[in-house]
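The values are calculated or read from the model by the stated rules, or taken from the named source; none is laboratory data. Computed from a predicted structure; not experimentally measured. Neighbour counts run over all protein chains shown; Cβ positions are idealised from the backbone, glycine included. With ligands, DNA and RNA removed, areas are computed over all heavy atoms of the protein, side chains included. Shrake-Rupley method; radii C 1.70, N 1.55, O 1.52, S 1.80 Å.
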Amino acid sequence: MNKTRRKLILGAGAAGTITLATLAGLAPAGSAQAIGLKATDLGINDFDTVMNDIGGLQAQSSNGISILVPDIAEQGAFVPIEVYSQIPGSESIAILVENNAIPVVAKFEFKNGGVARIATRIKLAGSSPIHVVVRAGGQHYRATKSVKAVIGGCGDEDFSTTMKPKSTT
Amino acid sequence: MAEAMKIRADLSGTVAKVKCLINHPMETGLRKDKAGQVIPAHYITQVNAMLNGVVVLDGQVGSGISKNPFLVFWVQGTKPGDKIQVSWFDNMGDKNSAETQIA
């Protein structure tokens, strides 16, 4: 355990020096186009436009996609989600939150042995359907699950007040 | 400068489960501070994972991922001693990476 930790710290040091070089002007740019998502998508507010770009509008719904996410999220800022596609030949998974200001949360491409399965934590601005679009063998498949958020996680609310326990009951 | 990442890979059979914790503010650019000033957007745009130098996961990420992103992914056809490397890039040109051996 300790050995791993030491290695981590060493790794962080080495990465740090690379970071300095990056700041000198080697910022990655335009990587968005590479995987079928337009560069602007991550800043687009319109859900239908994004869904169209990602191929989700023509997609057929599929039972091969499992979305593991709580039905009720107590804290919109940290909503655990796991997406698993059992469709053969799944190449990519895109996660979209319909009611967020910026609907596209992430798109992951799997290759060379990467399993079409991903778990992370996402933000919800409020209660919203979560859409998952999977590309497999040139076809698009989708699945949807609605989540109710008690406290939104994208607004300008002050967490120090919202996190306080409620005084009533 | 980017803070250290945590990464861990556990093997069951030939499938490795890789857990990765990144330190990052993930600001959307929509929030305001107490003075009413907009907090500038600062979020990760790209996450890559490599197995022995070969890309297995190519992720394009937006500000909808929570602060201090936690990412779990699975890689097939792995054996003990294989190297997994995860790296990220953000919209301000910062980046970081971490490497671990599958145990």
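For segment A:38-130, which fully contained strands (runs of 3 or more DSSP E) count at least 2 residues that are open to solvent by 50 Å² or more (accessible area, probe 1.4 Å) and not acidic (Asp, Glu)?
Values: elements: A:65-68, A:79-85, A:90-97, A:104-110, A:114-122.
Answer list for segment A:38-130: A:79-85, A:114-122.
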Just one listed residue, out of A:ILE95, A:ILE87, A:ILE44, is modelled with pLDDT of 90 or more, of a type outside the set (Phe, Trp, Tyr) and under 24 Å from B:ASN91 (Cβ atoms), and it is A:ILE95
Restricting to segment B:5-18, count the residues that are part of a strand (DSSP E or B), β-branched (Val, Ile, Thr) and out of contact with any helix residue (DSSP H, G or I) (no Cβ under 8 Å at 6 or more places or on another chain). 2
All positions within segment B:19-53 that are hydrophobic (A, V, I, L, M, F, W, C), crowded, with 19+ Cβ neighbours inside 10 Å, under 11 Å from the mean Cα position of the chain (by Cα) and outside any loop (DSSP other than H, G, I, E, B): B:CYS20, B:ILE44, B:VAL47, B:ALA49
May I ask you to list the residues in segment B:83-99 that are open to solvent by 10 Å² or more (accessible area, probe 1.4 Å) and more than 7 Å from chain A (Cβ to nearest Cβ)? B:LYS83, B:GLN85, B:SER87, B:ASN91, B:MET92
